[in-house]
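Asker: Dropping the structure in here first, questions after.
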Amino acid sequence: MDFGLIGIAVFFFLALVIVASVVKTVPQGKEFTVERFGRFTRTLKPGLHFITPFVDGIGYKMNMRERVLDVPNQDVITKDNATVSVDAVVFIQVLDAPRAAYEVDNLDFAIINLSLTNVRTVIGAMDLDETLSKRDEINARLLSVIDAATNPWGVKVTRIEIRDLSPPMDITEAMARQMKAERLKRAEILEAEGSKQSSILIAEGEKEAAIREAEGRRQAAFLDAEAREREAEAEAKATEMVSEAISKGDVTAINYFLGQKYVEAFGKLATSDQQRTVIIPAEFSNIIGTITGVGELGKAAHEAVSDAARRPAQDESK
């Protein structure tokens, strides 16, 4: 056995061990803590570093990149005693390697358990409807609490998200029935509102038609009354003129009244239902003369009424 070769091999082995203990390479995204006789002395940043052999050693290799921690699923009781199943994810980043290494033991396990307890605390203070509709608020409250708790450890919690939040099956079915009932209620309300508006419009239309019809009847009655009034005025004027003529001894006026009565009686005789034969008197020429006199009086009365109607119009124009 050649002891010289063995000695050379041992020398090279010791040299490699010494070099390995002296030269340290730190990869990007990580930081190493250096301990001298078990006490922290400094931090090695990414790159090539040299340390004192047999005196200094590497304590912790910390990952400085942002990492994701999975918070296990758990059942949480809400404020209104409903049980919901919740799981979440937490995004963290180590900012201070020595504090993350020496201020807490098992950093990931500590953050996960801290997240579990705070999820129970936050959701337990809310009703079921709030937990299902206010996830952003839950995330914000969890982030504020957990980030404040991990700050002494040199860790920054960048965000926390509720990944799944589901109530039990019976509550889900009840919520589905409630939603269906609410939608049916809205549909019935809309139909009732439509029927109401339709009835209102129909009633308004009937009201408007009745008003228009009443106004038409009123206008017709007014015109009819005005015509009767004009007719009465004409009759009164004619009577007045005939009376004046009688007072003056005018035979024609007397014949007017006699002829009028004669014609009325003859008309009744001719239009009687039981009278089949009409006898015309021999003095029919006298009747014609009487009718002629009546026509002249009527013409004079008409001219007098027309003059009376024109006078107010002329007065108004003046």
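Since every read-out is calculated from the coordinates, none of them should be taken as a lab result. Keep in mind that this is a model prediction, so the values were computed, not measured. Using ideal geometry, Cβ is built from the backbone for each residue, glycine included, and neighbour counts are taken over all protein chains shown.
Asker: With r as the distance between the Cβ atoms of Arg135 and Arg183 and R0 = 22 Å, compute the FRET efficiency 1/(1 + (r/R0)^6) and round to 0.05.
Answerer: Working: r = 23 Å, r/R0 = 1.06.
Plugging the Cβ-Cβ distance into 1/(1 + (r/R0)^6) gives 0.40.
Asker: Between Asn73 and Ile202, what's the calculated FRET efficiency when r is the beta-carbon distance and R0 is 45 Å? Round to 0.05. Provide the component values of the computation, followed by the final result.
Answerer: Details: r = 60 Å, r/R0 = 1.34.
Plugging the Cβ-Cβ distance into 1/(1 + (r/R0)^6) gives 0.15.
Asker: Exactly which chymotrypsin sites (Phe, Trp or Tyr not before Pro) in region 1-96 are in a DSSP loop and have at most 16 other Cβ atoms within 10 Å? Numbers along the way, then the final one.
Answerer: Numbers: sites: Phe3, Phe11, Phe12, Phe13, Phe32, Phe37, Phe40, Phe50, Phe54, Tyr60, Phe91; in loops: Phe37, Phe54.
Qualifying residues, ordered by number: Phe37, Phe54.
Asker: Could you pull out the pairs from Lys61/Lys156; Lys30/Lys156; Lys24/Lys45; Lys134/Lys185; Lys79/Lys134 whose alpha carbons sit more than 20 Å apart here? Intermediate results must be reported in sequence, preceding the final value.
Answerer: Details: Lys61/Lys156 18 Å; Lys30/Lys156 16 Å; Lys24/Lys45 11 Å; Lys134/Lys185 25 Å; Lys79/Lys134 14 Å.
Check vs 20 Å cut-off fails for Lys134/Lys185.
Asker: Would you mind pulling out the separation of the Cα centroids of region 92-110 and region 9-55, in Å?
Answerer: 22 Å
Asker: Mind running the shape call on region 33-144? Use the C-alpha gyration tensor, a ≥ b ≥ c as the square roots of the eigenvalues: rounded below 1.5 for a/c, prolate if a/b tops b/c, oblate otherwise. Walk me through the numbers on the way to the answer.
Answerer: Values: a/c = 4.37, a/b = 3.28, b/c = 1.33.
Prolate shape, in that a/c is at least 1.5 and a/b is the bigger ratio.
Asker: State the extension gain, in nm to one decimal, for the chain segment bounded by Val23 and Lys156, taking 0.36 nm per residue of separation less the distance between their alpha-carbons. Please list the in-between numbers first.
Answerer: Details: separation 133, 0.36 × 133 = 47.88 nm, distance 3.10 nm.
Full extension of this stretch gives 44.8 nm more.
Asker: Okay, next question. Could you give the length gained by full extension between Glu66 and His49, i.e. 0.36 nm per residue of separation minus their alpha carbon distance, to one decimal place?
Answerer: Taking 0.36 nm per residue and subtracting the Cα distance, the gain is 3.7 nm.
Asker: Could you order the peptides 157-168, 211-222 from most to least packed, using the average number of other C-beta atoms within 10 Å per residue? Walk me through the numbers on the way to the answer.
Answerer: On the way: 157-168: 16.4, 211-222: 10.0.
Packing proxy ranking, top to bottom: 157-168, 211-222.
Asker: Let me know the Rg and Dmax you get for region 1-88 when you use only its Cα atoms, in Å.
Answerer: 24.2, 85
Asker: Within region 100-160, which GluC sites (Glu not before Pro) sit in a loop by DSSP and count at most 15 neighbouring Cβ atoms inside 10 Å?
Answerer: Details: sites: Glu103, Glu130, Glu137; in loops: Glu103.
Sites meeting the loop and neighbour criteria: Glu103.
Asker: How much FRET efficiency would the formula 1/(1 + (r/R0)^6) give for Glu193 and Asp224, where r is the Cβ-Cβ distance and R0 is 51 Å, rounded to 0.05? Walk me through the intermediate numbers first.
Answerer: Numbers: r = 46 Å, r/R0 = 0.90.
E between Glu193 and Asp224, to the nearest 0.05, is 0.65.
Asker: Starting from the Cα of Ala174, step 7 Å along the direction of its Cβ; do the same at Asp127; then give the gap between the two resulting points in nm.
Answerer: 1.3 nm
Asker: Amide H of Val71 versus every other amide H placed in the peptide plane: which residues, excluding those fewer than 5 positions away on the same chain, fall under 5 Å?
Answerer: Ala88, Val89, Val90
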